[in-house]
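Asker: Structure incoming, see below.
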Amino acid sequence: MANVLFLCEKQLEKIPVVETVKAQFGAEVMYFESRNVTIFLRNHPMDYIAVYLDSMSVNSEKELLFLFDADVNASFILIGRRESCKYYYEKSSRYKRHCIFFPFTLPDFVSAFSNILQGGAGEEEKKESLEDDIPLLLPESVKQHLLVVDDDPIYLRTMMNWLKQDFSVSVVKSGRDAIDFLSKELPDLILLDYEMPVMDGAKTLEKIRSKPQYQNIPVIFLTGVTDSSMVKDAVKLKPQGYVLKNISKLALIAKIKEVIG
């Protein structure tokens with residue numbers, strides 16, 4: 001059996017994909033601290049490094065790019081949405097790499113992952129085309145993708161736990177990180193904290209609306225303040241919704257589904 005290292009965010013450690021690669025493929029699971037990963041790889045050579053691109057923080061992105069620059073003798077398996085896979089596929093050009101696209105059913109993921117480890121999905125000959133070298137998995141049901149923007153890590157963790165059953169969720173900790181995220185991937189809806197340091201929700205929404213490729217993404221403001229003047233200021237920016245952070249889980253999910261169907 002091939003030796004596989006699987007990298008993901010810490011908060012995803014209990015999801016079925018992670019449990020499956022450990023149980024079914026005997027993968028070693030580590031979190032995004034790539035300098036430690038490179039040390040680990042010196043002592044434990046791997047045939048494949050699988051990277052789960054969902055919910056990556058900005059620091060994790062930097063660490064992954066650092067890993068691509070390191071001298072690791074392994075093939076990469078990139079697991080994520082098409083835009084993310086394409087971005088990191090190009091960044092990792094010094095290595096042989098494969099991708100498995102979101103969204104997928106777990107059986108489809110297992111089949112594609114197994115095929116790669118057994119030498120399929122482009123191993124028989126070198127291919128320069130990203131499209132030719134990647135197995136495209138067609139889901140039975142597609143989860144809509146949400147981006148949550150908030151400077152409070154506890155609140156982000158709560159949102160991830162609340163929404164991950166119904167949606168595919170990515171999180172970032174600032175307005176600048178949100179704009180950077182959108183340069184690589186376009187979500188179906190953005191949940192945007194109205195009160196953040198440096199670039200608050202209003203400034204972030206203005207940036208989003210100023211870019212033609214982003215301006216049609218629905219945005220729902222989040223705030224912990226009930227001040228009526230603040231609410232009026234937020235509504236002037238014409239978001240698709242405005243909710244208080246003390247909203248219930250069911251009410252928030254209902255609001256999201258009301259906006260994006």
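The values are calculated or read from the model by the stated rules, or taken from the named source; none is laboratory data. All figures in this text were calculated on a predicted structure; none of them were measured in a lab. Neighbour counts run over all protein chains shown; Cβ positions are idealised from the backbone, glycine included. We work out accessible area using only protein heavy atoms, side chains counted, and drop any ligands, DNA or RNA first. Shrake-Rupley method; radii C 1.70, N 1.55, O 1.52, S 1.80 Å.
Asker: Skipping prolines and chain starts, which residues have an amide H placed within reach, meaning under 5 Å, of the one on residue 78, given they are 5 or more residues away or on another chain?
Answerer: 51, 98, 99, 100
Asker: Where only protein heavy atoms count, and the probe is 1.4 Å, what is the accessible area per residue for the stretch 161-217 in Å²?
Answerer: On the way: 2600 Å² over 57 residues.
Per-residue value: 46 Å².
Asker: Taking Rh as the Kirkwood radius computed over C-alpha pairs, what is the Stokes-Einstein D of the chain at 37 °C in a medium of viscosity 0.692 mPa s, expressed in µm² per second?
Answerer: In µm²/s, the coefficient rounds to 168.
Asker: May I ask for the net charge around residue 70, where only other residues with Cβ less than 12 Å from the Cβ of residue 70 are counted and Lys, Arg are +1 while Asp, Glu are -1? List each step's numbers first, then the result.
Answerer: Numbers: positive: 35, 42, 94; negative: 63, 69, 71.
Neighbourhood net charge equals 0.
Asker: Taking amide H positions as placed in the peptide plane 1.01 Å from N, state which residues far from residue 148 in sequence (5 or more) or on other chains have amide H under 5 Å from it.
Answerer: For residue 148, the qualifying residues are 170, 171, 172, 191.
Asker: Return a whole-number percent for the relative contact order of the stretch 1-107, with Cα pairs under 8 Å and 6 or more residues apart as the contact set.
Answerer: Values: 168 pairs, mean separation 27.8, N = 107.
With pairs under 8 Å counted, the relative contact order is 26 percent.
Asker: Please check the chain for the longest run free of GluC sites (Glu not before Pro) that are loop-located per DSSP (anything but H, G, I, E, B) and have at most 14 other Cβ atoms within 10 Å.
Answerer: 141-261
Asker: Let me ask something additional. Stretch residue 36-residue 259 to full length: gain in nm at 0.36 nm per residue minus the Cα-Cα span?
Answerer: My answer for the length gained is 76.1 nm.
Asker: So what is the calculated 222 nm ellipticity per residue for the chain, using -39500 (n - 2.57) for each DSSP H run with n of 4 or more, over all residues, to the nearest 500 deg cm²/dmol?
Answerer: On the way: 10 runs with 104 residues, N = 261.
That comes out to -12000 deg cm²/dmol.
Asker: Another question, if that's okay. Tell me, what ³J(HN,Hα) does each residue in the stretch 50-55 have, in order and in whole Hz, if you take phi through Karplus 6.51 cos²θ - 1.76 cosθ + 1.60 with θ = phi - 60° and put x for Gly and Pro?
Answerer: 8, 10, 8, 7, 6, 6
Asker: Would you check the accessible area of residue 257, probe 1.4 Å, heavy atoms only, in square angstrom rounded to 10?
Answerer: Rounded to the nearest 10, that gives 90 Å².
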